[in-house]
Amino acid sequence: MYAQMVKSENTDSGPELDAFQARIDAGEKIEPKDWMPAGYRKTLIRQISQHAHSEIVGQLPEGNWITRAPTLERKAILLAKVQDEAGHGLYLYCAAETLGVSRDELTEMLLDGRMKYSSIFNYPTLTWADIGAIGWLVDGAAIMNQVPLQRTSYGPYARAMVRICKEESFHQRQGYDIMMKMAQGSEAQKRMAQDALNRYWYPSLMMFGPSDKESVHSAQSMSWRIKINSNDELRQKFVDQTVPQAEYLGLTVPDENLRLDPETGHYKFSEPDWTEFFEVLNGNGPCNKERLEARNKAWDDGQWVRDGMMAHARKKAARAASAKVVAE
Amino acid sequence: MGDHLFEFLLRQGDNTLILSHRISEWCGHAPIIEEDIALANIALDLLGQTQMWLGLAAEVEGAGRSADDLAMLRDAWDFRNAILVERPNGDFGQTMMRQFLFDAYHVELLNRLANSTDERIAAIAAKSLKEVEYHFERSATTVIALGDGSEESHARMQAALDDQWTFAGELFETDAGDHALNDAGIAPLPSELRAGFNTRAIAVLGDATLNIPETTFAHSGGRSGKRHSEHLGHLLTQMQWLQRAYPGATW
Ligand SMILES: [Fe+2]
Ligand SMILES: [Fe+2]
Ligand SMILES: [Fe+2]
């Protein structure tokens, strides 16, 4: 998902931990000032900031088409959508800050590669149909994961998710709408739409992360209610929801093994290429370098702006203080 | 009058369209997330205003063209925006200085247009004014903060002002068409807006500890369409790409 393969660790034990677990099991929310195990805090910081970084880096592939959007209306919708993603990043950084890290620290860890963001944003947007595919598939996959996270145990994270989810369904709709227009359009547009689905299908399935049947991290995160569903469960749900939508568009999901299992009512489908997934995570995706370079450039070029604003704030405070002295 | 009105509406819609486009280039690349969001907001407001201005232009023209046709299918010489708004973004300071100069003019203009005898124009102006007053607040605050900030930010803002100042003058250029519209009570003479603009500029740039260049020279050629800068063609190449590459397709 936006947070993939987050390492979960637990080093605490004792009555405090038992009481903490009991609160979670009772469905209570944990708030910033409450006692929490160090591992819970650490895991949450990792997960929330990975999610935040994904929103921010995720601006780039879609931002790539804002200046080429085909109509004024499409341009406005896309711009509003990408702006929402920046807002999601902001909510999530704020939620992470309640755990005792600063946004600047987290940003630096993203920029020097210590922290990750979702693998999906390392794929290029080559045609306008990719903007449709991202809204439809990528936001669609994100919703699968984020809706249950509205019930996650950490209060600020759950509340951030509630705000985010309100906007995500609009994101998915606008994406599907773009695909619909193209699928019903000219031959060239249909070809573009099919090509976008071909390229984004497996990377979208990868968003949920590898099968976590045997993962200890998942088990710990699930008992803490930081993770609500297993990766495979969500992936299955996503495929079940998306295949009929593709059929409705008249597009073909690029999977020869795809078929509806009449016994279970679920689709059987091919696994994505996990070797590719790990390559992307390790920096070898098609756009890893460009994405990080763009974020680093924005940060470095913006240094003088942030410094200038700080300097002004200090001057203003000093002037206000001396004016007060004069008045007294 | 019809031609003058059409030209006037293009000037409004092209200014907002091209400036919106430039600002939207920042999306994902701004110095702070809050600024990224704020810039996208301004771009969105201006895009919405574009739809209204060009929509009305298309209606007035009565040639069966839509706002999208006007935006996506005209070549550079038919655009009527001031050169100021087609200039490349430069650094964040240059973008904000350009925005401030445009906003200061834009508020003055819309204030007057809100009383236009043409109700359609008055309605668009009144709606836009609420947004643009906020744009002005924001760009003025940013120009002051960065001008009166660090040594480096001050130097960059002074350089931005020196660089942009001679492009602001075109906003107040006044031709026969402007006179015709003014006589009909439809729009003010651009030259009449200069005093209000100057008051705003002197106040804000003073607080920003920046020096207004002494020159009275002004570049021109954008609002008349006679000679745009080289930058506009490249901007249109990008903006119009899909419409040009796939003629007649609907998106
Ligand atoms: Fe988002
Ligand atoms: Fe997203
Ligand atoms: Fe989204």
Return yes when A:Gly87 is within 14 Å of chain B (Cβ to nearest Cβ), surrounded by fewer than 24 Cβ atoms within 10 Å (Cβ to Cβ) and either in a helix (DSSP H, G or I) or not polar (S, T, N, Q) (or both) and no when it is not.
yes
Can you pull out every residue in segment A:147-182 that is within 11 Å of ligand 3 (Cβ to nearest atom) and touching a residue at least 60 places away in the same chain (Cβ under 8 Å)?
A:Ile164, A:Glu167, A:Phe170, A:His171, A:Gln174
Is it the case, given these coordinates, that A:Thr127 is closer than 26 Å to A:Asp34 by Cα and β-branched (Val, Ile, Thr)?
no
Let me spell it out: the conditions are (1) within 14 Å of chain B (Cβ to nearest Cβ); (2) more than 12 Å from ligand 3 (Cβ to nearest atom); (3) polar (S, T, N, Q); (4) part of a helix (DSSP H, G or I), and A:Thr125 meets all of them except one. Which number is the exception?
(4)
In the set A:Val280, A:Val326, which member is β-branched (Val, Ile, Thr) and either within 14 Å of chain B (Cβ to nearest Cβ) or surrounded by 11 or more Cβ atoms within 10 Å (Cβ to Cβ) (or both)?
A:Val280
When restricted to B:Pro213, B:Pro247, the only residue within 14 Å of chain A (Cβ to nearest Cβ), surrounded by fewer than 16 Cβ atoms within 10 Å (Cβ to Cβ) and not in a helix (DSSP H, G or I) is B:Pro247
Filter segment A:164-223 down to the residues that are open to solvent by 50 Å² or more (accessible area, probe 1.4 Å), under 16 Å from A:Leu78 (Cβ atoms) and more than 14 Å from chain B (Cβ to nearest Cβ), then identify the one that is farthest from ligand 2 (Cβ to nearest atom).
A:Arg173
Just one of (1) outside any helix (DSSP H, G or I); (2) within 14 Å of ligand 2 (Cβ to nearest atom); (3) open to solvent by less than 10 Å² (accessible area, probe 1.4 Å); (4) not hydrophobic (A, V, I, L, M, F, W, C) trips up A:Thr152, so point out which.
(2)
Identify, from the list B:Leu54, B:Leu47, B:Leu39, the residue that is in contact with a Gly (Cβ under 8 Å, 6 or more places away or on another chain), at pLDDT 95 or above and within 11 Å of chain A (Cβ to nearest Cβ).
B:Leu54
Unique residue being farther than 24 Å from A:Ala76 by Cα, over 14 Å from the mean Cα position of the chain (by Cα) and not in a loop (DSSP other than H, G, I, E, B) when the list is B:Thr117, B:Thr141
B:Thr141
If I ask for residues that are open to solvent by 10 Å² or more (accessible area, probe 1.4 Å) and either among the hydroxyl-bearing types (Ser, Thr, Tyr) or within 26 Å of B:Gly177 (Cβ to Cβ) (or both), which ones from segment B:16-55 would you list?
B:Arg22, B:Gly48, B:Gln51, B:Met52, B:Gly55
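The values are calculated or read from the model by the stated rules, or taken from the named source; none is laboratory data. Everything numeric in this text was worked out from a predicted model, so none of it was measured. When we count neighbours, we look across all protein chains shown, and the Cβ atoms used for this are built from the backbone with ideal geometry, even at glycine. Only protein heavy atoms, including side chains, enter the accessible area calculation; ligands, DNA and RNA are left aside. Shrake-Rupley method; radii C 1.70, N 1.55, O 1.52, S 1.80 Å.
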